[in-house]
1. Take the residues in the stretch A:48-63 that are modelled with pLDDT under 90 and at the interface with another protein chain (Cβ under 7 Å from one of its Cβ atoms); name whichever of them is surrounded by the fewest Cβ atoms within 10 Å (Cβ to Cβ).
2. Mind checking which residues of the stretch B:36-85 are surrounded by fewer than 14 Cβ atoms within 10 Å (Cβ to Cβ) and of a type in the set (D, E, K, R)?
3. Being in a helix (DSSP H, G or I) and in contact with an Asp or Glu (Cβ under 8 Å, 6 or more places away or on another chain): is that true of residue B:90 here?
4. Kindly provide the set of residues from the stretch B:93-107 that are of a type in the set (Gly, Ala, Ser) and assigned to a loop (DSSP other than H, G, I, E, B), ordered by number.
5. Do the conditions hold for residue B:33, that is, is it in contact (Cβ under 8 Å) with a residue 24 or more places away in the chain and surrounded by 15 or more Cβ atoms within 10 Å (Cβ to Cβ)?
6. Residue A:66: at the interface with chain B (Cβ under 7 Å from one of its Cβ atoms) and either out of contact with any Lys or Arg (no Cβ under 8 Å at 6 or more places or on another chain) or basic (Lys, Arg) (or both), yes or no?
7. Output yes when any residue across the stretch B:6-20 is modelled with pLDDT under 90 and closer than 28 Å to residue A:54 by Cβ, and no when none is.
8. Among residues belonging to the stretch A:10-23 that are charged (D, E, K, R) and either within 14 Å of chain B (Cβ to nearest Cβ) or in contact with a His (Cβ under 8 Å, 6 or more places away or on another chain) (or both), point out the one that is surrounded by the fewest Cβ atoms within 10 Å (Cβ to Cβ).
Amino acid sequence: MNEFVEQCRREWKRLGVSDPLADEMAADLASDLSEAEAEGVSTEELLGTSAFDPPSFAATWAAERGIIPEQRSPTNARRRPLVLVAFTTLAAIVVIISATLLATGEPRLSLARTTPPPGAGRTVISTSAAAPIEWILLFVAIAALGFSAWLWSTRGRSHPPTAPAQ
Amino acid sequence: MLRGVLDLCLLAVIDEGPAYGYEMTKRLRERGLEFVGEGSIYPLLGRLERDGLVETYRAASKGGPQRKYYRPSSAGRIALALGVSEWRAGRDAVDAVLAPVKVEVAT
């Protein structure tokens, strides 16, 4: 089996195409390429520009055939970045707000609320030290940012290629 | 429009007789149609198969390995008939638009 077919095989495996279907497509493609070569027809002549991008060719073929499992389908792959963007943005906003509140010493989400001594005339808002919610939010949001960074890096390594138009 | 026409061409060549992938390419080439570009016939065949417009079976090619042969299903034959009709109507309309054009590239 030539290198082009091997690369297609790897892409189908990555996309979750079942082994019997991937075997069938690889065998058919290998037979066609072999026959074409015997007749003096190059891979480029047979496959056009797809010959230079085996993963894209393989992904397009599998997608058109409808044999990519649902969770790996391009539709879900397109939706995932929107969720990630929203999650990252929310985490960043929480980090900024909680850090600002802590830095200015004006927490507004305190669990502790001290009662002023009689005659003091006003409620004393707790200080940062007495307001753990901001710290909790800050740490949780930083952890969320780290998690989203990991998701982005994972996606960057493995997201499926866009299927080219015919 | 072109995408649909390519599907139509594939259905037409396998309507002449069942064929495997490369065999279809040869039949198209014999008529001067080459699939050079980003795509190839394989994704198109995949879509036709998914849409139930072709039936497939495996058989040995002439002195060669087992190949996957394609032929139009009954739905495929209907799609071919409708597609040819639409293509001819569209072609005539385009011809009518382009007919008055006098300019041609010198060869």
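1. If we take residues in the stretch A:48-63 being modelled with pLDDT under 90 and at the interface with another protein chain (Cβ under 7 Å from one of its Cβ atoms), then A:49 is surrounded by the fewest Cβ atoms within 10 Å (Cβ to Cβ).
2. B:58, B:62
3. Taking the combined requirement at face value, the residue does not satisfy it.
4. The answer is B:99, B:106.
5. no
6. Answer is no for this residue.
7. yes
8. For the stretch A:10-23, the residue satisfying everything is A:23.
The values are calculated or read from the model by the stated rules, or taken from the named source; none is laboratory data. Here the structure is a predicted model, which means the values were calculated and not measured. Here the Cβ is made from the backbone with ideal geometry for all residues, glycine too, and neighbour counts use every protein chain on show.
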